[in-house]
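Working notes for the structure below.
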Amino acid sequence: MNSGELDSVEFAGRLRQGQADLSKGAPHEAIRHLAEGLALWRGRPAEDVPRTLPIAPWLDALEEQRCLALESYTAARLALGEHETLVADLRALVSRHPTRERMWGYLMLALYRCGDTAAALAAYTAARQALAEHLGVDPGPELVALHQAMLSRDPSLTPDAVHTGIHYARKRTCAHGRIGYRRR
C-alpha cells in the first residue's frame, strides 16, 4: 500500500467517526475527527497524474468523500453557533461546488443567523440559478423548505433553537447517515 492509499484509508475512518459523532449530537468530537481527516488533504487527489479512465472513478469517489467531510464539518460548526466565521468559507465552497445543495443550505443558514436575511434569500436565488445552469434542475425539497422557513422567519432557524445537529425545522437522519432537513 502506498502512502496515498494509507492517507485515503485514514481519511475515510476519520470521516466515518466524525459523521457518527455528529449523528450522536457530539459536534465538538465531530469537528476534531473531521478536521484531522481534512488535514490529510494536500490539494486535489492525484493532481499531478493524468485522469485516465481506470483511476477516474476512484478520484471522483475521493473528491465526493472530501465534500461530505466539509459538509459534516460545517454542520458541526453551525451546531456550535459558529455561523459568523463560516460565511467566507461557505461562499468559497459554493463557488467551487455550485451543485452541492447542502453547501448552499449551510451558506443560507449562516447568513440568516448573522441577521442578513436578504443575503440568505439571495443565496437561495443563486443556488437555484446554479442548479438550473449546471444540472437543469430546481432545488430539492430540503433547500426549498429552508427558503420557506426563512421567508416565514421560522424560530427553529435561530442558533438558540439548535442544540445538536443542524435543523431547518426538525432533524431527520437519512439511511446513508447524512443529516437531512424537512419542514415541520
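The values are calculated or read from the model by the stated rules, or taken from the named source; none is laboratory data. Computed from a predicted structure; not experimentally measured. Cβ atoms come from the backbone with ideal geometry, glycine included; neighbour counts cover every protein chain shown. Accessible surface areas use protein heavy atoms only, side chains included; no ligands, DNA or RNA. Shrake-Rupley method; radii C 1.70, N 1.55, O 1.52, S 1.80 Å.
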Residue count, region 24-59 (criterion: of a type in the set (Gly, Ala, Ser) and either more than 18 Å from Glu82 (Cα to Cα) or at pLDDT below 80 (or both)): 5
If you check Gly81, Gly177, Gly140, which single one turns out to be closer than 30 Å to Ala12 by Cα, out of contact with any Lys or Arg (no Cβ under 7 Å at 6 or more places or on another chain), open to solvent by less than 40 Å² (accessible area, probe 1.4 Å) and modelled with pLDDT of 95 or more? Gly140
Inside region 25-42, can you point out the residues that are more than 16 Å from the chain's Cα centre (by Cα), of a type outside the set (D, E, K, R) and closer than 18 Å to Val9 by Cα? Ala39, Leu40, Trp41
Members of region 88-118 found to be surrounded by 17 or more Cβ atoms within 10 Å (Cβ to Cβ) and either small (Gly, Ala, Ser) or closer than 16 Å to Thr158 by Cα (or both), listed by number: Gly105, Tyr106, Leu107, Met108, Leu109, Ala110, Leu111, Tyr112, Arg113
Within region 119-131, track down each residue that is open to solvent by 10 Å² or more (accessible area, probe 1.4 Å) and more than 19 Å from Thr74 (Cα to Cα). Leu121, Ala122, Thr125, Ala126, Arg128, Gln129, Ala130
What's the number of the only condition in (1) assigned to a helix (DSSP H, G or I); (2) open to solvent by 50 Å² or more (accessible area, probe 1.4 Å) that Arg42 fails to meet? (1)
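Let's see how each residue does on (1) in contact with a Gly (Cβ under 8 Å, 6 or more places away or on another chain); (2) under 24 Å from Leu38 (Cβ atoms); (3) of a type in the set (Gly, Ala, Ser); (4) without any contact (Cβ under 8 Å) to a residue 24 or more places away in the chain:
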residue: Glu64; (1), (2), (3), (4): no, yes, no, yes
residue: Cys67; (1), (2), (3), (4): no, yes, no, no
residue: Thr99; (1), (2), (3), (4): no, yes, no, no
residue: Arg102; (1), (2), (3), (4): no, yes, no, no
residue: Ala122; (1), (2), (3), (4): no, no, yes, yes
residue: Leu131; (1), (2), (3), (4): no, no, no, no
residue: Met150; (1), (2), (3), (4): no, no, no, no
Residues in region 102-155 that are over 19 Å from the mean Cα position of the chain (by Cα) and of a type in the set (Asp, Glu): how many? 3
In region 8-33, anything part of a helix (DSSP H, G or I), open to solvent by less than 50 Å² (accessible area, probe 1.4 Å) and over 11 Å from Arg77 (Cα atoms) is listed as Ser8, Phe11, Ala12, Gly13, Leu15, Gly18, Gln19, Ala20, Asp21, His33
